[in-house]
Structure formats: structure tokens, C-alpha cells
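Quick notes on the structure that follows.
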Amino acid sequence: MIEAVTDHNASTTDIVDELTWRGLIQQSTDLDALRREADGGPVTLYCGFDPTGPSLHAGHLVPLLTLKRFQLAGHRPIVLAGGATGMIGDPRDVGERTMNSADTVADWAQRIRSQLERFVSFDGGNAAIVENNMNWTGQLSAIDFLRDLGKHFSVNVMLARETVKRRLESDGMSYTEFSYMLLQANDYLQLRRTHGCTLQVGGSDQWGNIIAGVELNRRVDGEHVHAMTVPLVTSSDGKKFGKSTGGGSLWLDPEMTSPYAWYQYFVNTADADVIRYLRWFTFLGREELAELEAEVAERPQARVAQRRLAAEMTTLVHGAANTAAVELASQALFGRGELRDLDEATLAAALSEASVAQVAPGEPSTIVDLLVASGLCDSKGAAKRTVKEGGAYVNNTKIGAEDWVPQSEDLLHGQWLVIRRGKRNFAGIQVQSA
């Protein structure tokens, strides 16, 4: 279960101001009207998440945490797993999404639902609701789809969407993708009718789909509802947020992205991005954020803001115990903590972020051999110089003899050695069992 978070700035009357100062409102229909409705009592809002993979990733957190901010301010969130829309796929700028099997999408929807449930509370008068749009879309016949939904949409308006225009100018678009907007719009209609939902939030790339839902509610039932988007996250150099150094997504599932890798991603945030990320991804207040901003300006080398961001994000997604473990690992790997205090999963995950060499029993394994096998030195001559100059370490212990070989008691968890050259370069050695 994700650790509870508290936002002392929010109340039932200032959620719009709260989102505004954090820079979390990219587009909206009518903020003044939304503020008036929020002032008049709890608003029910929703955000949808399609199961296009087995896990949510870091990019999903901004809209998901926006639901949490609304709930902390007294409003009621609906988290929607797109079991039906995930079968179709929201149109991308380039290329059509792969069509996954119904069983795969259903499995992913269930896995994502369990992740969504960890970020909102199901207690109190504004307890969260979890829905799956397969519940109503799966029962929709082709005739009903065309008569009850299709007649309310202008093809001219749909063609004017930027994503559609770009696709038509490049590799074209299937009718399946083209119809996605209608399905998402119907989600908003059904959630308003069933739960009184009057606000949809999502990433700014969803603006066209969200507005379609606003229009459908007006055309079908004569009801006025609200729309709001949050910014898409990119780094200051224009790179897509949430891409790890290996090129894959930064997943919320710890089996897909370890807590250590997650922590390291955020602790390496650029100075130009860290305060913005703290505003968007954490629940820290204005005063503390101002102090951290001053730290970045006055002592950027201390990386106080980055370490706070990494700790907050790891606790949010993986819990306080994992945060403590990865912080200990970060210190221990560079000689500032005890490696034997690390659990094996954290140690293995940390070493995998560098490199791991496997050594079979009976293979040459002097410190010189290990430095070369680990890739820390490119030759035995360089390894011998490293040892002679006092720069070779095994499990944070300096090794001064070229013929040193590890003993069984040196192996961490019975199989691991941490090899370090100098202060900053480390690697893992995994000694395979006989």
C-alpha cells in the first residue's frame, strides 16, 4: 500500500488556486465556473487510464496525483481503467498501436486497476470510485454506437484534431482509431449519468477527446460539464519524461522498474527541472518548495532538492521502507555505508544499474582478474596500477595485494562482490554456485 500523503494547502474552496500555483493547469473550459462549482460543494471528477501495457508509468502520475489533490480538497475522484478503450488504442502521432488480445487487455486492466487504487482513498464521505469502461462499452451494439453516439459528432470537427491531421498527412489512420474519440466521450456521458461526474481531467494530449465528452453531455442531455488538462512532462532539454537510461519506460511496477532504479532516475534530475517536478509530483507546500529552490540556486552541488524529490517519489510509489533501503544502498555503494546491511533484492537492483560480471567457480579471481572482468579496468596492467595506487576496493575494503582472492565469507548473500575503482566507479561480481 502506498504511504498516505497529506497536503495542508488544500481545502474545498481553493483547489483551482492550488493547481494554478503548481503550474498544473494546461487547458480548461471555464476555470471561474469550475471554481464556483467547487465552492458550492464536492465535485465528482474522473481520469481514464488505458491498459496499453502491464503497468502504469511515471508519465501517468501527474493526472493521477491531480485526482489525489482534488480528493484531499474534499472532492470525489473516479479512477477509470479503460478495459474497452484499451482494446482500441488512442491515436498516436506516428503509427497505429498494436492490437492486443482481449485476454491480454483484461489482464492489464486488472493490474492497472490495482495500481490506480493505491493513489486514492476509499474512506470517508468523498471515497473514491473505481470503474472500468468495459462495463458499458462492452454492451454497446454497432447500431446503438452509430445511432446514439455517431450522430452527435461532426466528421469535419474530428478531422481538425491535430493528431488526426498529422496522421492523415503521413501514414493514414484506420476507422478503429478514428472512432476512439466517440468511446471516450461516451465514458464521460455514462459517468455523469451514473455518478454525477462533472469534471474530466487528463494529459494535454487528451484535450480533443475530453472536449468531445463535454459536447456529448451537452448535445444528448443538455448538461454543462467541465474539462481540464495537465501538462505533459518533458525535461528542460526536450527529452520525454520517464525514459530510463536504458531507453525503456519508468514503470510503477517494482518488478519492471526496481525501487533503486526509480530513485536513481529522480536523484539525477537536472537543476532546471527539479523544482517543477517537486511542484507537480509531490505534496510539499510553498514554503518548503521556496527553501529547496533557494538551495538549488545557492548550493546546486549539494543536490538537496534532487534527493528530496527522489525520496518523496520513491515513498509515494514504493513505500518508506524501500526508500530507506535504496538510500542506504546509494551510500553503501560509494563507501559511505555498510553493504552487508542491504537486502539482496536492493543490492542486485543497484548493481544492475552499473554492470554485473559472472564468475564461475574455479575461474581466476584475483583482484586483478576481477577488475578486468567487471570492466572497471581494460587490462591487467591497468588493474595492477589501480591496486598499487590504492584505488581498488572490494565490499568497500581497500585491497593492497595483487594476488588477493575472495573467500566465501566475503560473498554478500553468498554470491555477490561489489568491486570499486576509485571513489565513483563500481560494478558487481556474481559468483555462480558450483
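Remarks
- Rounded to the nearest 10 Å², the accessible area of Lys165 at probe 1.4 Å: 80 Å²
- Among 73-79, 351-357, 254-260, sorting by the average number of other beta carbon atoms lying within 10 angstrom of each residue, highest first, gives 73-79, 254-260, 351-357.
- In this rough spin-label picture, where each label sits 7 Å from Cα along the Cβ direction, the Asp410-Arg340 distance is 1.5 nm.
- Cα centroid separation, region 245-310 to region 359-434 (Å): 33 Å
- Placed amide H near Gly319: partners under 5 Å, 5+ positions off or other chain: Glu3
- Projecting label points 7 angstrom from Cα along Cα→Cβ for Thr234 and Lys380 puts them 5.2 nm apart.
- Magnitude of the charge dipole, region 83-133, Cβ model with Lys/Arg +1 and Asp/Glu -1, debye to 20: 80 debye
- Candidate lysines - alpha carbon under 26 Å from Lys239, same-chain residues fewer than 8 apart omitted: Lys165
- Partner lysines whose Cα lies under 28 Å from the Cα of Lys384, excluding those fewer than 8 positions away in the same chain, are identified as Lys398, Lys423.
- Heavy-atom accessible area with a 1.4 Å probe sorts Ile129, Ile112, largest first, into Ile129, Ile112.
- Sparse-neighbour loop sites [trypsin sites (Lys or Arg not before Pro); region 376-434; at most 14 other C-beta within 10 Å; DSSP]: Lys423, Arg424
- The string of couplings for region 142-151 from the Karplus curve (6.51, -1.76, 1.60, θ = phi - 60°) is 4, 5, 5, 4, 6, 7, 8, 10, x, 5 Hz, one whole number per residue in order, with x for Gly and Pro.
- Largest to smallest accessible area among Thr346, Thr194 [probe 1.4 Å]: Thr194, Thr346
- The portion of the accessible surface of the chain made up by carbon and sulfur, rounded to a whole percent, is 48 (1.4 Å probe; DNA, RNA and ligands excluded).
- The chymotrypsin sites (Phe, Trp or Tyr not before Pro) found in region 100-146 that occupy coil by DSSP, while having at most 14 further C-beta atoms within 10 Å, are Phe122.
- In sequence order, region 177-190 has phi-based couplings of 5, 4, 7, 4, 4, 5, 5, 5, 4, 5, 4, 5, 4, 5 Hz under the Karplus curve 6.51 cos²θ - 1.76 cosθ + 1.60, θ = phi - 60°, and Gly or Pro positions carry x.
- Nearest-20 debye value, region 279-356 charge dipole, Cβ charges on Lys, Arg, Asp, Glu: 140 debye
- Taking 0.36 nm per residue of separation and subtracting the current Cα-Cα distance, fully stretching the chain between Gln139 and Asp171 would add 8.3 nm.
- Label zone at Thr29 (point 7 Å along Cα-to-Cβ), backbone N below 18 Å, region 208-238: 208-230
- Tyr46 long-range amide H proximity, modeled H, under 5 Å: Ile78, Leu199, Gln200, Val201
- FRET efficiency, Ala321 to Glu255 (Cβ-Cβ, R0 25 Å, nearest 0.05): 0.90
- Surface accessible to a 1.4 Å probe, per residue, for the residues of the chain, Å²: 46 Å²
- Options Phe70, Gly89, Met99, ranked by Cα towards positive dipole end of region 63-161, top entry (Cβ charges): Phe70
- Structure-based [θ]222 nm, the chain - -39500 (n - 2.57) summed over DSSP H runs of at least 4, per residue, nearest 500: -12500 deg cm²/dmol
- Solvent accessible area, Å² - Thr20, 1.4 Å probe, full protein context: 80 Å²
- Per-residue HN-Hα couplings for region 252-259 [Karplus 6.51, -1.76, 1.60; θ = phi - 60°; Hz; x = Gly/Pro]: 6, 6, x, 6, 9, 9, 5, x
- Under the convention that each Lys and Arg Cβ holds +1 and each Asp and Glu Cβ holds -1, the size of the dipole of the chain around its Cα centre is about 640 debye.
The values are calculated or read from the model by the stated rules, or taken from the named source; none is laboratory data. This structure is a prediction, so every number in the text was calculated from the model and none was measured. Backbone-built Cβ (ideal geometry, glycine too); neighbour counts: all protein chains shown. Accessible surface areas use protein heavy atoms only, side chains included; no ligands, DNA or RNA. Shrake-Rupley method; radii C 1.70, N 1.55, O 1.52, S 1.80 Å.
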